[in-house]
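To start, the structure itself, in C-alpha cells.
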Amino acid sequence: MGRKKKIKKIKKSKKIKKGEQSPALKKTSGQYAYKTNDEKVQINKIKKQPTEKRIYNVKDYVVYPKHGVGKIVEIYKAKIGDIESTFYKVLIEKEKLTLSLPTNQQSHLRPVSSINQINKAISILKSKPRIKRTMWSRRAQEYDQKINSGKIYELTEVVRDLNKKTDIMAEQSYSERQLFEKAYERLKSEFEIVLGSKAQQKMDKALKREEINPDQDKESTV
C-alpha cells in the first residue's frame, strides 16, 4: 500500500511540471513575444524621438564650433540651381568673418549658454587641472579638437588645463600659449554675451590669474 501511495504522488508532481513547461512568455532573438490565442505580439525597443530644429531670429547670438560666438544679422532666401533655400547670415566679429549657413543644416549651430551653464563653466575653471602624461603633440591635438567642438564645458577644460596663472612668456611654450589664448578668447566672448563687462574679471578670478606688471613681462622676454 505504501508503494502505491508514493507512485501517485510522483504522478501528480509530473503533471505540475508539464503545466510549467508551457510558459506564456518566450524570448525570441532579443525580443519578447506573448502568446495569446495563437497570436504573437512583439515588443520592440522605443527609439529616441528626433529633436526639433531651433528657429533663430535676427540679432540672436549663436555659437559656431570652428569660429566661436557670432550674431545673426540677416535671414535671406537664395536659389541654388532650381532649389530655393533660406540662409542665416552670421557675423563672427572677433574674426571679421561673415558666414552664410542654410537653415535646414543648422546642426552645427547652438544657442549661447544660459547663466546656469556659465556658472557651471566657472566652477570648472576653479577645479584642479587634469593634465595627461602624454606627448605634447598628442595633447595639443586633443586640446584643438575640444576648442573646435562647440561645447562650452570642453572649451572650459582646455582653458583650465593650460592656465599658468600668469602672463609671463617664460612660463609657457609658444604653441602652448597659442592654444591657451585661442581657448581663453573664445570662452571670454561667450561669457561677455551673458555676463557683460565683468566676464574677464570673473574668469581671471576663477583661474587665480595674477595681474602682470608690463615691466615685469618685458624682463621675462629679454
With respect to LEU125, determine if the residue is assigned to a strand (DSSP E or B) and either of a type in the set (A, V, I, L, M) or under 17 Å from the mean Cα position of the chain (by Cα) (or both).
no
Matching residues in the stretch 60-87 (closer than 20 Å to GLY150 by Cα, in a loop (DSSP other than H, G, I, E, B) and out of contact with any strand residue (DSSP E or B) (no Cβ under 6 Å at 6 or more places or on another chain)) number 2
Scanning the stretch 88-116 residue by residue, the ones that are closer than 30 Å to GLU181 by Cα and not in a helix (DSSP H, G or I) total 20
With (1) closer than 17 Å to LYS188 by Cβ; (2) outside the structural domain of ASP204 (by TED's automatic domain parsing); (3) crowded, with 16+ Cβ neighbours inside 10 Å as the list, and GLU93 as the residue in question, which single condition is left unmet?
(3)
Return the residues of the stretch 48-63 that are among the hydroxyl-bearing types (Ser, Thr, Tyr) and modelled with pLDDT of 65 or more; say none if nothing qualifies.
TYR56, TYR61
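The values are calculated or read from the model by the stated rules, or taken from the named source; none is laboratory data. Keep in mind that what you see is a predicted model, and the values were worked out from it rather than measured. We place every Cβ from the backbone using ideal geometry, glycine too, and count neighbours over all the protein chains shown.
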